[in-house]
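One structure is given here, and the rest of the page talks about it.
The values are calculated or read from the model by the stated rules, or taken from the named source; none is laboratory data. What you see is a predicted model; the values in this text were computed from it and never measured. Cβ sites come from the backbone with ideal geometry, for glycine too, and all protein chains shown count toward neighbours.
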Amino acid sequence: MMKRNTFALAAMAAAVHAATAQAQQTPVPAATLPEVVVTGNPLGSDLFELASPASLLHGAELFRLRAPTLGDTLDGLPGVAATGFGPNASRPVIRGLDGDRIRVLQNGAGVLDASSLSFDHAVAIDPLVIERAEVVRGPAALFYGGNAVGGVVNVIDNRIPQSAINGISGRVETRFGGAAREKATGVVLEAGNGSLALHADVHTRDTEDLRIKGFARSARLRAADPQAVEAQGVLPNSASRSDGGAVGLSHVWAKGYVGISRSAHNTFYGTVAEPEVTIDLQSSRWDLAGEVRELGRVIRSVKFRAGHTDYDHTELDAGVPATRFRNKGRDLHVEAVHGDLGPLRGVIGAQATDFDFSALGAEAFVPSTNTRVRSLFFFEELPLGSVKLSFGGRHERSEVGSEGGGAVPFGAVDPRFGAAQTRTFSGNSGALGAVWSFMPGLALAVNGSYTERAPTYYELYANGPHAATGVYEVGNTAFGKEKSKAVDIALRMKSGKHSGSISVFHNRFSNYIGLFDSGNTRGADGELNPPDAGDGTSLNTGEEILPEFAWRAVPARFRGIEGEGRFRVFERGGSLDLLVHASYVRADDRSSGQPLPRIAPWRYGAGVEYRYDRVSARLDATVHDDQDRVAPGERPTDGYTMLNAALTYRLPAKGMRLEAFLRGINLLDEEARNHVSFLKDIAPLGRRSAQLGLRGQF
């Protein structure tokens, strides 16, 4: 991995040298851009005026919350939880929805890794080098496709600069400690002469096995399945190391920009679920982006972004390669802002996404597949006095093909995957929203949507033992489109230093595609309901017997409430803010009335933040209730209170901003288990710990 870092460091040095060499050229003035959210609205909007509920994480708040994974970094935002498959693989969960229903983007282009396939697959992004994260809660299918029915996470790292840079700037961040004894460093440099803008970044991170409170296995699991030896104090096989970097170059002029970047991310980590299984993940991508403004009266501007991802990860058993997953993906997104039609403003666009997936080896539970998606969409805004209406639609055509029984080494045929076949789906989605600013500083936002999602390749074609979840997964090639209707109502407030929002939502699926216990068992070779030899293996074949979980479509309902607020208590010399937040989601199978699995419990909390001169201090307490409303076969999870603290001091430094911080995590030393995680009964969160860090900006 260090050889890859050497390339990135050399490229960074070259970028800085090139920028300074161009310093004598006449610069183009840098554009002054407002702080807007673009993920939920291609026309740009601040959070207060956005019809869809959204969160923005950046600046000091992102600095405080950075974690080794994207899911853990965002966990705790309103409506957001994390899959938490140990400390190394964690994907965002939004309002109870995860996997293929949450679209993860990098600078607006799909990440196209394999993280939605399996909970033990890490997202190929390191939060150390991102500048901001935008989270849209609820359906966002208009802009990003049917697989954004649960929401969108867009991480922005400025690897392709969009505005002029004059001179050299950068930041360095390093942190040590925590329950995993993390050692992490990230460096970002940017340079330019007004017309050329360059970006370079590198990051590296190492963690040890996670220190935990008490036993790794929960009391309920130990009682149900006693073992002679129990892991205690340390979570086995949870260490990791990762590195990566990027180089980007843009040409910027008064009416636009065009740029390209090359990036790589590599990580090696223990899966936790199996004591000797590790994952070696390598992801590289090219990105191209550009925008041209002030084109004319009919088309005001055109923006595009394209990405090509080459993702490869190998699962090793005791150091020996066992299964290899590969994904080659391409994503192209083009949108044009049309001229105003009276008061009507809008965008039209198109998107094309292709990815070719293969799984080769002993634990391949899906065949090699290819997916092709083509989409057209539009979005319009209509201001009517104190009300701003928005509406739009999207048409999407998807082809999801299986190569059949070739997903095994050396071209052998695996009868589990059958003959090659392709399913084709045509989906339509639409949304209508309104934001009513009925009083100064008060607004009511309403958003309704209808979404059609094509089933993904693993929902259609899975047929094999899935080691990460410990079950035998069976897909269904007869699935139709998943259809849902959603409504969201939010009340927002902002007045000076006070701000807050509260929202309720209801998402109704006519045929929610989920993974459910079928009641059958399978041998690891696919044998249906094999006789048990008495030791958990098949009497016929000697293969391990696993519970069969089948992908099945059921009518479902997700509903909930979430809120947050920040209120200035006093401001005399220093300032003191009170922060409150709460999130709740209830999810049911409407046909049986049974709860759906892995739904986060009530979560609510409060905090205080004090700022004075160079010092800021913060204390947060979040209560996670017991979760005893569980799906059939799912164990309840005890609640806990997470108490965290942070102290930041801005050091005197000439020509740069230098900050040191100290974080206290899980100060009550709770045995905390994340109910959303498949591993909740074998992998608790980290015990009480402290983390030190330093950040410099120049």
For the stretch 173-219, give me the residue count where each residue is more than 24 Å from the chain's Cα centre (by Cα) and under 15 Å from Ile130 (Cβ atoms). 1
Hey, among Gln22, Gln106, which residue is at pLDDT 90 or above, within 25 Å of Val188 (Cβ to Cβ) and not basic (Lys, Arg)? Gln106
Which one of these does Arg222 not meet: (1) in a strand (DSSP E or B); (2) more than 26 Å from Leu128 (Cα to Cα)? (1)
With the condition being among the charged types (D, E, K, R) and more than 22 Å from Leu74 (Cα to Cα), I'd like the strands (runs of 3 or more DSSP E) fully within the stretch 565-667 carrying at least 1 qualifying residues. 574-589, 603-612, 640-651, 657-665
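Here's the yes/no breakdown for (1) out of contact with any Leu (no Cβ under 8 Å at 6 or more places or on another chain); (2) aliphatic (A, V, I, L, M); (3) under 30 Å from Leu515 (Cα atoms):
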{"site": "Gly593", "(1), (2), (3)": "yes, no, yes"}
{"site": "Leu596", "(1), (2), (3)": "yes, yes, yes"}
{"site": "Ala600", "(1), (2), (3)": "yes, yes, yes"}
{"site": "Tyr604", "(1), (2), (3)": "yes, no, yes"}
{"site": "Met642", "(1), (2), (3)": "no, yes, no"}
{"site": "Arg673", "(1), (2), (3)": "no, no, yes"}
{"site": "Phe678", "(1), (2), (3)": "yes, no, yes"}
{"site": "Ser689", "(1), (2), (3)": "yes, no, no"}
{"site": "Leu694", "(1), (2), (3)": "no, yes, no"}
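Residues to consider are Gly500, Gly514, Gly480, Gly534; find the one that is touching a residue at least 24 places away in the same chain (Cβ under 8 Å) and either exposed (fewer than 15 other Cβ atoms within 10 Å of the Cβ) or part of a loop (DSSP other than H, G, I, E, B) (or both). Let's see the steps before the verdict.
On the way: Gly500 fails: either exposed (fewer than 15 other Cβ atoms within 10 Å of the Cβ) or part of a loop (DSSP other than H, G, I, E, B) (or both); Gly514 fails: either exposed (fewer than 15 other Cβ atoms within 10 Å of the Cβ) or part of a loop (DSSP other than H, G, I, E, B) (or both); Gly534 fails: touching a residue at least 24 places away in the same chain (Cβ under 8 Å).
Checking each option against the conditions leaves just Gly480.
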Test each condition in (1) over 30 Å from Phe48 (Cα atoms); (2) surrounded by fewer than 16 Cβ atoms within 10 Å (Cβ to Cβ); (3) not aliphatic (A, V, I, L, M) for Glu459 and report the one that comes out false. (2)
Take Arg394 and decide whether it is in contact (Cβ under 8 Å) with a residue 40 or more places away in the chain and of a type in the set (Lys, Arg). yes
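Quick check on the stretch 263-292: of everything there that is of a type in the set (S, T, N, Q) and touching a residue at least 40 places away in the same chain (Cβ under 8 Å), which residue is farthest from Thr207 (Cα to Cα)?
Restricting attention to the stretch 263-292, the residues satisfying the condition of being of a type in the set (S, T, N, Q) are 263, 266-267, 271, 278, 282-284.
Going one step further and asking which of them are touching a residue at least 40 places away in the same chain (Cβ under 8 Å), we end up with 263, 266-267, 271, 278, 283.
Values: Ser263: 22, Asn266: 14, Thr267: 11, Thr271: 13, Thr278: 14, Ser283: 20 Å.
Per the criteria, the residue is Ser263.
In this structure, is Ser575 surrounded by fewer than 17 Cβ atoms within 10 Å (Cβ to Cβ) and touching a Lys or Arg at 6+ places or on another chain (Cβ under 6 Å)?
In short, yes.
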Of the residues in the stretch 242-257 that are surrounded by 15 or more Cβ atoms within 10 Å (Cβ to Cβ) and not small (Gly, Ala, Ser), the one that is nearest to the chain's Cα centre (by Cα) is Asp243
Name the residues in the stretch 225-243 that are part of a strand (DSSP E or B) and on the phi > 0 side of the Ramachandran plot, would you? Gly233
Complete set of residues in the stretch 219-239 that are in contact (Cβ under 8 Å) with a residue 60 or more places away in the chain and either more than 30 Å from Phe176 (Cβ to Cβ) or among the acidic types (Asp, Glu) (or both): Arg220, Leu221
Tell me the residue from Asp331, Asp310, Asp317, Asp340 that is free of Cβ contacts under 8 Å to residues at least 40 places away in the same chain, of a type in the set (Asp, Glu) and touching a strand residue (DSSP E or B) at 6+ places or on another chain (Cβ under 6 Å), please. Asp310
Among the residues of the stretch 212-249, write down those that are in contact with a Ser or Thr (Cβ under 9 Å, 6 or more places away or on another chain) and either of a type in the set (Phe, Trp, Tyr) or under 26 Å from Arg285 (Cα atoms) (or both). Ala239, Ser240, Arg241, Ser242, Asp243, Gly244, Gly245, Ala246, Val247, Gly248, Leu249
Scan the stretch 483-497 for residues that are surrounded by fewer than 22 Cβ atoms within 10 Å (Cβ to Cβ) and under 30 Å from Pro547 (Cβ atoms) and jot them down. Lys483
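So that you can scan it fast, the table gives a plain yes or no per residue for (1) surrounded by fewer than 16 Cβ atoms within 10 Å (Cβ to Cβ); (2) closer than 30 Å to Ile168 by Cα:
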site	(1), (2)
Tyr640	no, no
Leu651	yes, yes
Asp669	yes, no
Asn674	no, no
Lys680	no, no
Ala683	no, no
Gly693	no, yes
